[in-house]
Amino acid sequence: MLAPPLQRLVTELAKLPGVGNRTAQRLAFHVLRESDEDALALAQAIRDVKEKITLCEVCFNLAEGPRCVICLDERRDTSVICVVEEPGDVLPIERTHEFRGRYHVLGGALSPIDGVEPEDLRLVQLYGRVEGSDVREVVLATNQTTTGEATALHIAGELHARTPDVAVTRLASGLPVGGDLEYADEVTLGRAFSGRRVV
Ligand SMILES: [Zn+2]
């Protein structure tokens with residue numbers, strides 16, 4: 001029923017998570033009513049994230065350029081590394097203001113059933129950052145899911161063997177069971193962070 005260009009926009013918007021066909025139509029009509037300037041700013045922003053966002057060469061967080069803003073920040077504590085599964089997990093931890101160290105983004109969690117083995121994650125790079133450095137603590141902030149727990153256990157074992165002097169900690173429980181960090185509220189996550197325990 002819709003003019004083909006409008007239908008194409010509806011189809012693309014409906015692919016976004018949480019956006020059904022009806023919402024996609026509403027958004028598409030909204031874009032159509034917007035000024036050229038606003039609508040093109042949206043298009044340009046989408047283009048920019050695809051063209052300009054890369055992964056930090058140190059921690060694999062999202063970056064514009066070779067290093068992310070956190071690795072570039074001289075005031076961050078280099079002696080603590082917080083290990084997370086995805087780049088999207090960095091933001092909720094930053095919002096708690098409980099952590100002033102640096103991150104390491106694994107790019108997923110171990111899941112043999114899905115074919116995700118240790119070599120598929122950025123584990124070698126993590127061990128490389130810890131070995132022979134001033135790092136004294138590694139916080140394992142993988143999700144409190146079966147795969148997240150298995151990943152934390154695997155990394156803790158490797159770190160204990162490779163760098164016995166480095167403390168390995170895990171966030172305190174209290175986060176929603178089976179929940180992703182992404183969905184934890186700031187207060188709960190902040191508490192889990194300050195109450196982290198040695199594993
Ligand atoms: Zn970085």
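Nothing in this text is a laboratory measurement; each read-out follows from the coordinates by a stated rule. Just so we're clear, the structure is a prediction, and the values are computed from it rather than from any experiment. Using ideal geometry, Cβ is built from the backbone for each residue, glycine included, and neighbour counts are taken over all protein chains shown.
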Listed by first then second residue, the pairs whose first member lies in region 57-71 and is under 10 Å from PRO87 (Cα atoms), whose partner is more than 6 Å from the ligand (Cβ to nearest atom) and in a helix (DSSP H, G or I), with beta carbons under 7 Å and at least 6 positions apart or on separate chains, are ASN61/PRO87; ASN61/VAL90; LEU62/PRO87
Being at negative phi and within 16 Å of the ligand (Cβ to nearest atom) narrows SER79, SER111 down to just SER79
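Go through THR151, THR188, THR169, THR142 for me and flag whichever is surrounded by 13 or more Cβ atoms within 10 Å (Cβ to Cβ), assigned to a helix (DSSP H, G or I) and touching a residue at least 24 places away in the same chain (Cβ under 8 Å).
Details: THR188 fails: touching a residue at least 24 places away in the same chain (Cβ under 8 Å); THR169 fails: assigned to a helix (DSSP H, G or I); THR142 fails: assigned to a helix (DSSP H, G or I).
Just a single option satisfies the conditions, and that option is THR151.
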Condition set over 25 Å from ASP165 (Cα atoms) and buried (at least 16 other Cβ atoms within 10 Å of the Cβ), scope region 38-59, selection nearest to the ligand (Cβ to nearest atom): answer is CYS56
Qualifying residue in region 35-42 (condition: over 20 Å from the mean Cα position of the chain (by Cα) and not in a helix (DSSP H, G or I)):
yes
Every listed condition ((1) over 25 Å from ALA156 (Cβ atoms); (2) surrounded by 14 or more Cβ atoms within 10 Å (Cβ to Cβ); (3) away from the ligand (no atom under 13 Å from the Cβ)) holds for ARG67 save (3)
